[in-house]
Structures are given as structure tokens and as C-alpha cells.
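First the structure, in the form of C-alpha cells, and then the observations on it.
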Amino acid sequence: MDDTARPPLRLQSISSKPLSLKDTQVHIDEFLRDLNSRNAFAKGLDSTTSSQLEKLSKALREERVRERKQR
């Protein structure tokens, strides 16, 4: 079987803990900074993952603003 024909690896969590929107956004932003710094030297980087995480971070930021306005 060709490597390109294999389905992507599936990860399943074994535990979880709730995070606030602020903490979640901080973790995602830190991960993105680390990812971008490690991949700064990579050529042909697939930016799909970082693009989706940036969209998630923006959505969390907007949600936090909405929550503050409702208080």
C-alpha cells in the first residue's frame, strides 16, 4: 500500500479538563507562535493547520469580547 493512500492518524483523548476562553486562546496563540518559529525555515509548508488555528483564535477573541459586553 502506498503511503499516500493511508488515512490520516486519528488521535483520541484519554482525559480532558475545561478551560476558559482566555486560557484556550492563550494556549492556541502560544502553539501558533511555536509552530511558526519552527516552520520559519521549512520550505513548502502546508499552512492549512496554522490558518485554521488562526481562525479559531480570532473566533475565541470575538467570543470573549461578546461575553464582556454582556456583563
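Summary of computed values
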| read-out | value |
| --- | --- |
| Residue pairs meeting the criteria (Cβ under 9 Å; at least 6 apart or on separate chains; first assigned to a helix (DSSP H, G or I), in region 15-38; second surrounded by 10 or more Cβ atoms within 10 Å (Cβ to Cβ) and β-branched (Val, Ile, Thr)) | Leu35/Thr49 |
| Residue within region 55-62 that is of a type in the set (Gly, Ala, Ser), over 21 Å from Pro8 (Cβ atoms) and at pLDDT below 90 present | no |
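The values are calculated or read from the model by the stated rules, or taken from the named source; none is laboratory data. Only a predicted model underlies this, so the values are computations on that prediction, with no experimental measurement involved. Every residue, glycine among them, receives a Cβ derived from its backbone with ideal geometry; neighbour counts consider all protein chains shown.
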